[in-house]
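Every read-out reported here was derived from the displayed coordinates using simple, explicitly stated rules and does not represent laboratory data. These figures come from a predicted structure and were not determined experimentally. Methodologically, a virtual Cβ is constructed for each residue, glycine included, from the backbone with ideal geometry; neighbour enumeration extends over all protein chains shown.
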Amino acid sequence: MLNYIQTGDAPAAIGPYSQAVRFGSLLFASGQIPLDPKTGEVIEGDITAQAERVCQNIAGLLAGAGIGYDNVIKATCFLADMSDFAGFNEVFAKYFTSKPARSTVAVRGLPKNVLCEVEVIAAVE
């Protein structure tokens with residue numbers, strides 16, 4: 001059975017999808033971009049500012065499922081420009097201290113022309 005997670009601590013979906021879905025003991029979170037959950041607007045700033053907002057949004061989704069960053073099994077990271085890798089990594093390391101499996105790819109474009117997007121899969125206890 002699917003359990004849909006919806007929280008005001010992360011931006012509302014900007015399309016026909018859910019913020020996150022729990023299936024059994026796994027949580028599949030939709031990709032988070034640097035939107036302010038209160039305004040729905042992209043936050044201003046460089047890769048570190050945008051990555052910080054993305055990680056805060058992920059924290060909100062995880063909390064909405066009753067878990068935290070230590071439960072993350074896999075992260076998939078999308079960067080608009082691979083030259084932002086070092087700055088992105090700096091922020092990522094602050095939040096993902098349990099060092100989950102990860103993929104990072106550069107993409108041609110991201111929604112709303114943001115610099116990064118991150119999706120996670122997590123274990124739900």
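Listed values, structure above:
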quantity	calculated
A93-I43 pseudo-label distance in nm [points 7 Å out on the Cα-to-Cβ vector]	2.0 nm
Tilt relative to the chain, helix 85-95 - C-alpha long axis, 0 to 90 degrees, to 10	30 degrees
Separation of alpha-carbon centers, region 34-50 and region 51-70, rounded to whole Å	15 Å
Distant-in-sequence amide H partners of T104 (H built 1.01 Å from N, under 5 Å)	C77
Paired Rg and Dmax values of region 26-125, which use every Cα atom, in angstrom	12.5, 37
Relative frequency of Cα-Cα separations exceeding 17 Å in region 80-125, percent	39 percent
Length gained when the stretch V21-D81 is fully extended (0.36 nm per residue, less Cα-Cα span)	18.7 nm
Helix 47-64 vs. the chain, principal-axis angle (Cα, 0 to 90°, nearest 10)	0 degrees
Point-charge dipole on Cβ atoms (K/R +1, D/E -1) for the chain, about Cα centre, debye to 20	340 debye
DSSP-defined antiparallel bridges as percent of all bridges, the chain, nearest 5	80 percent
